Every structure is written in C-alpha cells, then in structure tokens.
Amino acid sequence: MPAIRALVRLFPKQLVQRDLPRVTSFFVAVAKGQVIGCCALQIYSKRIAEVRTLAVHPDFQDHGAATKLVEQCRQRARERGIKEIFAVTGQIHLFERMGFATFRREKTAMFYEISPRDKL
C-alpha cells in the first residue's frame with residue numbers, strides 16, 4: 001500500500017488522496033521491481049462496481065499500462081458476476097477506447113459541489 005499511496009500522491013489534483021480502496025481491491029503494474037501503475041475495482045453491490053484510483057507514473061504513460069490495469073478490473077468484475085462498472089474520470093478517451101460510454105439515455109450522473117457557505 002505504501003507504493004500505491006506514493007504513486008497516487010503524484011496526482012493530487014486528479015486523484016482522491018484519502019479514503020483509498022482496500023489494498024485487496026488494487027491491481028498494480030510493476031517495472032524493474034517498482035510499482036509504476038495502479039487501479040482498483042471497488043464493488044458496491046452484486047450489480048455495480050467502480051474502476052477507480054487509476055494512476056500510471058508519468059515516465060511509463062502511453063505504453064499500455066493503464067489499459068491493462070482497467071482490463072484486470074473488468075476481468076475481476078466478470079468473475080464476480082458484476083453487471084455494470086463505471087469510472088468517474090477526466091481521461092474520457094482512454095475509457096471510450098476500452099468500450100466505456102457515457103450513461104445510457106435513461107441515466108444521468110449529476111454532481112453537486114459542497115460549498116462552505118451551504119447551510120442545512
């Protein structure tokens with residue numbers, strides 16, 4: 001987990017730094033004995049899971065590591081009988097190349113950013 005945390009810290013504006021999935025949820029890519037990539041599958045129910053915390057060290061990007069990590073998540077989801085996986089990402093093209101698509105017309109993801117000025 002320390003190697004995963006160190007990798008995630010390289011992307012403070014892109015990746016959530018706290019509340020990472022359990023270490024058993026992660027897949028890692030290793031080169032020369034060093035963790036150079038990670039990705040987790042967080043299972044929420046028998047129906048749905050999230051591909052999250054995808055990170056590849058900048059020196060190793062654009063060599064297919066991210067694709068292989070996401071494929072490992074997809075394979076685990078298949079093995080567990082998960083019906084649907086999703087990713088909240090800024091890397092839309094990567095996920096589109098892997099067959100992910102925006103929500104079907106009947107579904108819409110909506111977000112609300114909590115402001116300190118919000119009152120209950």
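Bear in mind these aren't lab numbers, they're just calculated from the coordinates by the rules spelled out. Only a predicted model underlies this, so the values are computations on that prediction, with no experimental measurement involved. Don't worry about glycine lacking a Cβ; one is built from the backbone with ideal geometry, like all the others, and counts go over all protein chains shown.
At 0.36 nm per residue, minus the direct Cα-Cα distance, what do ASP59 and THR89 gain on full extension? Give it in nm, one decimal, please.
8.7 nm
Counting only residues 5 or more places away or on other chains, whose amide H sits under 5 Å from the amide H of ALA31 once H atoms are built in the peptide plane?
Distant-sequence amide H within range of ALA31: ILE36.
If each DSSP helix of 4+ residues adds -39,500 (n - 2.57) and the sum is divided by the residues in the chain, what number results at 222 nm, nearest 500 deg cm²/dmol?
-7000 deg cm²/dmol
Could you calculate the FRET efficiency of ASP19 with GLU96 from 1/(1 + (r/R0)^6), where r is the beta carbon distance between them and R0 is 35 Å, rounded to 0.05? The partial results should precede the final answer.
Values: r = 27 Å, r/R0 = 0.77.
That gives a FRET efficiency of 0.85.
Placing +1 at every Lys and Arg Cβ and -1 at every Asp and Glu Cβ, with all other atoms neutral, what dipole size does the range 2-97 have around its Cα centre, in debye to the nearest 20? Working shown, then result.
Working: 16 positive and 8 negative charges, 68 e Å.
The calculated dipole for the range 2-97 is roughly 320 debye.
Taking Rg and Dmax of the Cα atoms in Å as the quantity of interest, determine which of (i) 15.3, 42; (ii) 15.3, 52; (iii) 13.9, 47 was computed from the displayed structure.
Read-out from the structure maps to (ii).
Using amide H atoms built 1.01 Å from N in the peptide plane, name the residues 5+ places from HIS57, or on other chains, whose amide H lies under 5 Å from its own.
Residues meeting the amide H criterion: GLY37.
Loop only per DSSP, at most 13 neighbouring Cβ atoms within 10 Å: give me the trypsin sites (Lys or Arg not before Pro) in the range 1-43, ordered by residue number.
ARG9, LYS13, ARG18, ARG22, LYS32
Give the total of Lys-Lys pairs in the range 2-97 with Cα-Cα distances below 24 Å; include a pair only if its members are 8 or more places apart or on different chains.
Close lysine pairs under the 24 Å cut-off: 5.
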